[in-house]
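Engineer: Before I ask anything, let me first share the structure, which is written out below as structure tokens.
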Amino acid sequence: MLIGYARVSTDDQELSQQRASLQAAGCRRIYEEKASGAKRDRPQLARLIDQLRADDVVTVTRLDRLARSTRDLLDIAEQLQGASAGLRSLAEPWADTTSPAGRMVLTVFAGIGEFERSLIAERTGMGRVAARARGVRFGRPPKLTADQIALARRLVDEGRSPREAARILNVHASTLYRAFALHPPEDAGSGP
């Protein structure tokens with residue numbers, strides 16, 4: 001029997017396209033999961049593997065829906081083999097472990113896929129470094145502008161508490177303390 005497994009990484013993503021592809025491929029049962037592929041704890045995948053019978057074929061739309069690394073993919077393929085079940089990917093027809101040639105090709109291509117992901121990660125990292133060097137700031141925008149931090153510092157210097165200054169600026173006190181730590185007063189480093 002063909003058994004489908006569909007996974008998306010975040011709650012914002014939809015499973016409908018994977019579900020439709022798996023149904024069109026003839027999957028009678030489909031296990032669906034919204035979880036990062038990097039997580040080892042995927043309850044629906046564990047349930048699927050526990051309920052496998054001999055000659056079942058686990059079908060996925062793409063291998064990256066099933067595993068995030070060569071090691072993970074090979075571990076899952078080994079579990080399937082232990083249950084006398086196969087693995088098939090709709091997008092990667094060479095990934096069909098129901099034959100010895102398919103198992104060999106799957107191992108080779110999984111290694112190439114991991115190599116490609118590591119190259120992408122390396123290029124992405126280099127791109128981030130280059131962007132930072134050009135002055136690009138990543139992350140959320142700051143809650144307080146430089147003028148607001150100066151105003152808060154002036155309020156504190158005039159005798160108001162940091163909590164009171166934060167309330168006036170409509171931010172949490174910890175936001176104000178972080179801003180003070182990141183932007184010390186200009187004369188803080190100079191001594192007599």
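Engineer: At q = 0.11, 0.16, 0.18 Å⁻¹, what log₁₀ I(q)/I(0) does the stretch 66-173 have when each alpha carbon counts as one equal point scatterer in the Debye sum?
Structural biologist: Summing over Cα pairs of the stretch 66-173 leads to -0.61, -0.80, -0.90.
Engineer: While we're looking at this one, here's another question. Just to check, using Stokes-Einstein with a Kirkwood Rh over alpha carbon pairs, what's the diffusion coefficient of the stretch 18-80 at 10 °C and 1.306 mPa s in µm²/s?
Structural biologist: This corresponds to a translational diffusion coefficient of 128 µm²/s.
Engineer: How much of the DSSP beta bridge set in the chain is antiparallel, as a percent to the nearest 5?
Structural biologist: Antiparallel bridges: around 5 percent, rounded to the nearest 5.
Engineer: To continue, here is another question. Helix 100-133 against the longest principal axis of the chain: what's the angle in degrees, Cα atoms only, rounded to the nearest 10?
Structural biologist: Its long axis makes an angle of about 10 degrees.
Engineer: Still on this model: Given labels modelled 7 Å from the Cα in the Cβ direction, how far is it in nm from GLU186 to ASP72?
Structural biologist: Each label point lies 7 Å from its Cα, and together they span 5.1 nm.
Engineer: Packing-wise, with mean Cβ within 10 Å as the measure, how do 162-171, 138-147 rank, highest first?
Structural biologist: Per-residue mean Cβ counts within 10 Å order the peptides as 162-171, 138-147.
Engineer: Can you give me the angle between helix 146-157 and the longest principal axis of the chain, using Cα atoms only, in degrees from 0 to 90, rounded to the nearest 10?
Structural biologist: 50
Engineer: Would you mind checking the tilt of helix 70-82 against the longest principal axis of the Cα atoms of the chain, expressed as 0 to 90 degrees and rounded to 10?
Structural biologist: 40
Engineer: Each label point is 7 Å from the Cα along the Cα-to-Cβ direction; what then is the distance between the points at MET1 and ALA91, in nm?
Structural biologist: 2.7
Engineer: Same structure, new question: If the chain between GLU164 and TYR177 were fully stretched, how many nm would it gain, using 0.36 nm times the residue separation less the Cα-Cα distance?
Structural biologist: 3.5 nm
Engineer: Can you list the residues, at least 5 places off or on another chain, whose amide H is less than 5 Å from the amide H of VAL57, using H built in the peptide plane?
Structural biologist: Answer set, sorted by chain and number: LEU2, ILE3, GLY86.
Engineer: Rule-of-thumb check for the stretch 2-117: C-alpha Rg over 2.2 N^0.38 Å?
Structural biologist: 0.97
Engineer: Determine, for each peptide in 148-158, 119-129, 86-96, the mean count of other beta carbons within 10 angstrom over its residues, then list the peptides with the highest first.
Structural biologist: Ranked from most to least packed, the peptides come out as 86-96, 148-158, 119-129.
Quick note: the coordinates plus some simple rules give every number you see, no bench work behind them. The structure displayed is predicted, hence computed values, not measured ones. Neighbour counts are summed over all protein chains in view; Cβ atoms, including those assigned to glycine, are modelled from backbone coordinates with ideal geometry.
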